[in-house]
Amino acid sequence: MSVSKLNEREKRYVDGLLSLLEETSPSVRQFYLEELENQRNTLKLIASENYSSVSVQAAMGTLFTDKYAEGVPFHRFYAGCEVVDKLESECAEACRRLFGADFAYVQPHSGADANLVAYWAILSQRAMDPILEEIGEKNMSKLTPADFTRIREACHNQRLMSLDYYSGGHLTHGYRMNVSAQMFDVRTYSVSEKTFMLDYDDIEKAALEFKPLVLLAGYSAYPRAINFRRLREIADKVGAVLMVDMAHFAGLVAGGVFSGDENPVAFADIVTSTTHKTLRGPRGGFILAKSHLAPFVEKGCPLVIGGPLEHVIAAKLVAFKEALKDDFKTYAANIVRNSRALAAELVSQGVSVLTGGTDNHIVLVDVNKSFGLTGRQAESSLRSIGITLNRNALPFDVNGPWYTSGIRLGLGALTTRGFVESDMKEIASVIKLVLGSTRPAKSTSKDGVVGLSKTLFELDSKAESEAKGRIAKLLEGYPLYS
Ligand code: DSN
């Protein structure tokens, strides 16, 4: 059964929900219908989004939202947790099994939360614990103010090495506006200026020089597989903890596309993730850890998290069970087939695709080089004809993180909807038509100087109406939640 098509029971569920909302909260019902229209009638190429099953959505909308459960299963600070204890421990076990990990922690509300818990778990083990051992007191509340200050100071300015934002790293990987950069002394590594891919020898050189406590891999916008065995070797050489943020490609790991040296779970001490991208679950996060870090990760509440969201944990369990089924492997393989086909079509139509292709669900296009546009203009122009995707900074981007020179395309959602490789030629051709017919508009600055806008654009009206028709036709072939 395809996630994007509804069976009779699912239809009845949605109908029931809508008629209930009609009575109790008509505006919510109206927004639901508008969002359905939006998701249904546009070609969703946002790399971090997907379409979850109605079972995932239904599990989220349950009475579990009413239960507080601070602590961990069977060790809570609230009464009445007998049922959520079973729910949460089954969810963690399904997650652990799905990825073949030593330990899984399913409480993080998001990927950013998961990263914060992971950072502090590492700091707890590597910076705090040795001091607590030395003092001979494990209970923080019993420490003297002076000892507690010593602990806090030991945790600050530890070294983190991660992929830089422009090379595809995430904000929570040490971007200055994020708390990660304010906690850690951060040094970033970039992709190679020649290939736009990771250069492991360069990373090793930088790591030997910087000697990070945490070597972090993972990305928000990088189209290639990562050799985690090689990163493990580098981490071991410098005594670093290897942390991987697999938020984007968790579905490809679960579905067996990334195996062997490309499977982070086999090599990293700690792996963080979201549940809603290629993994196709509810919006949320989780952490996998090797046994030596598990006791520290488990203290995520109250370290970072307050009450875990048991209704989302219920939906995570539904999603993990879906991903444990054989057809999820097919889904994951199809994502990469589609992604490769789209990259190849764009290249064959003369569009500049970073690294010349892809190994995962992401395709990065340099719209500045190919069309003389900013990413912001390309994003808006494509949205105006029914393609939804993000602008994205590219390595060494001259247009900064707001305007950018690139767009990021992701195939997780369209693959769920049923699109296949042979559709990619038409999608690439519409993208080429639209961007090739878009020009930066003129704009006048406050001082009266006329120049080219980085935001405003003009799209040829003939191309616009042709593209809209072609997108509508593509969408007709793969109805969503029909
Ligand atoms: N916003 C997500 C992404 O687009 O990669 C990650 O936070």
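The values are calculated or read from the model by the stated rules, or taken from the named source; none is laboratory data. Since we're looking at a predicted model, the values are computed, not measured. Ideal geometry is used to build each Cβ from the backbone, glycine not excepted, and the neighbour counts take in all protein chains shown.
Pairs linking a residue in segment 337-352 that is within 18 Å of L373 (Cα to Cα) and surrounded by fewer than 22 Cβ atoms within 10 Å (Cβ to Cβ) to a residue that is among the charged types (D, E, K, R) and at pLDDT 95 or above, with Cβ atoms under 8 Å and 6 or more positions apart or on different chains, are Q349/K432; G350/K432; V351/K432; S352/D366; S352/K369.
Looking only at segment 146-189, which residues are surrounded by fewer than 17 Cβ atoms within 10 Å (Cβ to Cβ), of a type in the set (D, E, K, R) and either at pLDDT below 95 or within 17 Å of the chain's Cα centre (by Cα) (or both)? Selection gives R176 alone. From the list K237, K277, the one residue that fits, being touching a residue at least 40 places away in the same chain (Cβ under 8 Å) and of a type in the set (D, E, K, R), is K277.
Put simply, of S89, S48, S4 the only residue that is surrounded by 13 or more Cβ atoms within 10 Å (Cβ to Cβ) and at pLDDT below 95 is S4.
Among the residues of segment 154-192, those identified as farther than 24 Å from L132 by Cβ and in a strand (DSSP E or B) are M161, S162, L163, V186, R187, T188, Y189.
Every residue, every condition in (1) more than 16 Å from the ligand (Cβ to nearest atom); (2) of a type in the set (S, T, N, Q), yes or no:
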| site | (1), (2) |
| --- | --- |
| Q125 | yes, yes |
| G136 | yes, no |
| A146 | yes, no |
| Y166 | no, no |
| M177 | no, no |
| A181 | no, no |
| R187 | yes, no |
| E193 | yes, no |
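Only one entry of L394, L373, L346 meets the criterion of being within 16 Å of the ligand (Cβ to nearest atom) and either aliphatic (A, V, I, L, M) or in a loop (DSSP other than H, G, I, E, B) (or both), and that entry is L394. Of the residues that make up segment 193-209, is at least one touching a residue at least 24 places away in the same chain (Cβ under 8 Å), surrounded by fewer than 17 Cβ atoms within 10 Å (Cβ to Cβ) and more than 28 Å from T404 (Cα to Cα)? Among the residues of segment 193-209, at least one is touching a residue at least 24 places away in the same chain (Cβ under 8 Å), surrounded by fewer than 17 Cβ atoms within 10 Å (Cβ to Cβ) and more than 28 Å from T404 (Cα to Cα), which makes the answer yes.
Conditions (1) over 30 Å from A323 (Cβ atoms); (2) within 16 Å of the ligand (Cβ to nearest atom); (3) in a loop (DSSP other than H, G, I, E, B); (4) not polar (S, T, N, Q), marked per residue:
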{"residue": "D359", "(1), (2), (3), (4)": "no, no, yes, yes"}
{"residue": "Q377", "(1), (2), (3), (4)": "yes, no, no, no"}
{"residue": "P401", "(1), (2), (3), (4)": "yes, yes, no, yes"}
{"residue": "D423", "(1), (2), (3), (4)": "no, no, no, yes"}
{"residue": "I427", "(1), (2), (3), (4)": "no, no, no, yes"}
{"residue": "P440", "(1), (2), (3), (4)": "yes, no, no, yes"}
{"residue": "S453", "(1), (2), (3), (4)": "yes, no, no, no"}
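State whether one or more residues within segment 114-123 are at positive phi, more than 15 Å from the ligand (Cβ to nearest atom) and not basic (K, R). No, because not a single residue in segment 114-123 is at positive phi, more than 15 Å from the ligand (Cβ to nearest atom) and not basic (K, R).
Restricted to segment 205-243, and to residues there that are part of a loop (DSSP other than H, G, I, E, B) and among the aromatic types (F, W, Y), the residue that is nearest to the ligand (Cβ to nearest atom) is Y219. Applying the condition of being part of a helix (DSSP H, G or I) and touching a residue at least 12 places away in the same chain (Cβ under 8 Å) to segment 468-482 and asking which residue is nearest to S381 (Cα to Cα) yields K468. Considering (1) surrounded by fewer than 16 Cβ atoms within 10 Å (Cβ to Cβ); (2) closer than 17 Å to V271 by Cα; (3) among the hydrophobic types (A, V, I, L, M, F, W, C), the lone condition that I135 does not fulfil carries the number (2).
May I ask you to verify whether S19 is more than 16 Å from the ligand (Cβ to nearest atom), among the small types (G, A, S), assigned to a helix (DSSP H, G or I) and in contact with a helix residue (DSSP H, G or I) (Cβ under 8 Å, 6 or more places away or on another chain)?
Here the answer is no, as S19 does not meet what is asked.
Looking across V214, V244, one residue alone is surrounded by 19 or more Cβ atoms within 10 Å (Cβ to Cβ) and closer than 30 Å to K329 by Cα. It is V244.
All of T355, T388 fail the test of being surrounded by fewer than 24 Cβ atoms within 10 Å (Cβ to Cβ) and within 15 Å of the ligand (Cβ to nearest atom), apart from T388.
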